[in-house]
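The values are calculated or read from the model by the stated rules, or taken from the named source; none is laboratory data. Only a predicted model underlies this, so the values are computations on that prediction, with no experimental measurement involved. Cβ placement follows ideal geometry from the backbone for every residue including glycine, while neighbour counts extend to all protein chains displayed. With ligands, DNA and RNA removed, areas are computed over all heavy atoms of the protein, side chains included. Shrake-Rupley method; radii C 1.70, N 1.55, O 1.52, S 1.80 Å.
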Amino acid sequence: MSGTLYLVATPIGNLKDISQRAIDTLHGVDLIACEDTRHTAKLLNAYRISKKLISYHEHNEASRSEELIERLSNGESVALVSDAGTPAISDPGFRLVQKAREAGINIIPIPGPVAFVNAAIVSGLAVDQLFFGGFLPSKKGERRKYLETVSSIPATLVFYESPHRLGKSLVDCADILRNRNAAVVRELTKIHEEVISGTLKGLTDRFSAGNPKGEIVLVIGENNESEAQSATGSVRDRVKMLESEGMDRKAALKTAAKEFGLSRSEAYRQLMSEST
Ligand code: SAM
């Protein structure tokens, strides 16, 4: 009979944020697969858990998955943990879970902290509909394309971001998502925990002088209706104004459509009829 793969959530900073069930599971398994054995050893020491650790990270994922699946198939039980929070959320782990499913292995999640959920709930932005976009792409072109793709999602958007890219990403966010409300959530559950709220433009200005330190989640509110309703004048005038600010026709039309709360085809129709 095959063993069980436990996906065990661990703290995102404060070591006390771990469930009794997670501790019991870590005590009970044969083996713990983790990203960084030294990092996980600190957590295990704090809870006096003495267990064999094996590294599982993006660079050895393929070979380690095979080994772990074999051990699970032979009846061993394995806990998968990541450096912070819930394994497989923007962390290695997804492929192991996929392969374990294919191999018919029993998989059990042990719930606990996850950074993006806590950032969203503390941000003060609406959380009835959330879109988690993982890490924003590090390359500017890819990032801007991705932001274009997600710009029409009717939900609060949540991204992980590295502190040294925050300033540049905020510039792109303000440019593409316009002046939505947003929050930079930093160092959750740690000493320097902080939520900095503002509009995307305000946050861009604030972080233009320098990037913050620590771990960052960027939460961006839905395109607010008041922006759409506050659009006045004609689609044509707005498109002309945006073009005079340097936008090309296609982007200007897309922006105006969003501001007027129109579909792109309807904005185009209005633009053409106003032009004649
Ligand atoms: N698996 C994790 C989870 O459940 O949230 C996320 C791991 S991902 C590799 C690491 C990213 O999560 C960081 O770059 C940061 O964006 C976010 N993060 C992790 N811990 C955080 C914390 N204490 N405060 C704010 N963001 C955090």
Simple SL model, points at 7 angstrom along Cα→Cβ for His164 and Lys140; separation in nm is 1.7
Note, Leu53: beta-carbon cut-off 11 Å, +1 each Lys/Arg, -1 each Asp/Glu, net +1
Hey, which lysines would be in cross-link range of Lys254, C-alpha to C-alpha under 21 Å, not counting anything within fewer than 8 residues on its own chain?
Lys140, Lys145, Lys201, Lys240
Can I get the semi-axes of the chain's equivalent ellipsoid? Compute them from the C-alpha gyration tensor as square roots of 5 times the eigenvalues, in angstrom, largest first.
45, 20, 15
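Longest span of the chain, sites excluded, free of GluC sites (Glu not before Pro) in DSSP loop with at most 13 other C-beta atoms within 10 Å?
Formally, the longest exposed-site-free interval is 59-244.
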Alpha-carbon Debye profile of segment 116-223, log10 I(q)/I(0) at 0.22, 0.23 Å⁻¹:
-1.24, -1.37
Neighbourhood charge, 9 Å Cβ-Cβ cut-off, centred on Gly198 and excluding it, Lys, Arg +1 and Asp, Glu -1
+1
Ordering Lys250, Lys51 by the accessible surface of their heavy atoms, 1.4 Å probe, largest first, yields Lys250, Lys51
The chain - mean residue ellipticity at 222 nm from DSSP helices (-39,500 (n - 2.57) per run, n ≥ 4, rounded to 500)
-12500 deg cm²/dmol
If one compares the long axis through the Cα atoms of helix 249-260 with the longest principal axis of the Cα atoms of the chain, the angle in degrees, nearest 10, works out at 90
Checking the cross-link filter: which aspartates and glutamates have an alpha carbon closer than 14 Å to that of Lys213, excluding same-chain neighbours under 8 positions apart?
Glu161, Glu187, Glu193, Glu194
Residues with amide H under 5 Å from that of Phe131, placed H, sequence gap 5 or more
Thr156, Leu157, Val158
Compute from the Cα atoms of segment 4-113 the Rg and the Dmax, the latter being the longest Cα-Cα distance, and quote both in angstrom.
12.5, 35
Provide the percentage of antiparallel DSSP beta bridges, counting only those with both residues in segment 116-223; round to the nearest 5.
80
How much net charge surrounds Ala9 when only other residues with a Cβ under 13 Å from its Cβ are counted (Lys, Arg +1; Asp, Glu -1)?
-2
I'd like the accessible area for Arg236, computed on protein heavy atoms only with a 1.4 Å probe and all protein chains in place. Round to 10 Å², please.
80
With the other protein chains left in place, how much accessible area per residue, in square angstrom, belongs to segment 116-223 at a 1.4 angstrom probe?
48
Mean accessible surface per residue for segment 4-113, computed with a 1.4 Å probe while every protein chain stays in place, in Å²:
51
For segment 102-154, which trypsin sites (Lys or Arg not before Pro) are in a loop by DSSP, counting at most 16 other Cβ atoms within 10 Å?
Lys139
Kindly rank 77-83, 176-182 from highest to lowest mean number of other beta carbons found within 10 Å of each residue.
77-83, 176-182
Give the separation of the Cα centroids, segment 181-202 to segment 77-144, in Å.
20
Percent of accessible area on the chain owned by carbon and sulfur, 1.4 Å probe?
50
Could you run the Karplus curve 6.51 cos²θ - 1.76 cosθ + 1.60 with θ = phi - 60° over segment 57-67 and give me ³J(HN,Hα) per residue in whole Hz, x for Gly and Pro?
9, 4, 7, 10, 3, 5, 5, 5, 4, 4, 4
Determine the dipole magnitude for the chain: charges of +1 sit on the beta-carbon of Lys and Arg, -1 on that of Asp and Glu, nothing else is charged, the reference point is the Cα centre, and the result goes in debye to the nearest 20.
380
Taking Cα atoms, how many degrees apart are the long axis of helix 166-177 and the longest axis of the chain, rounded to 10 and kept between 0 and 90?
50
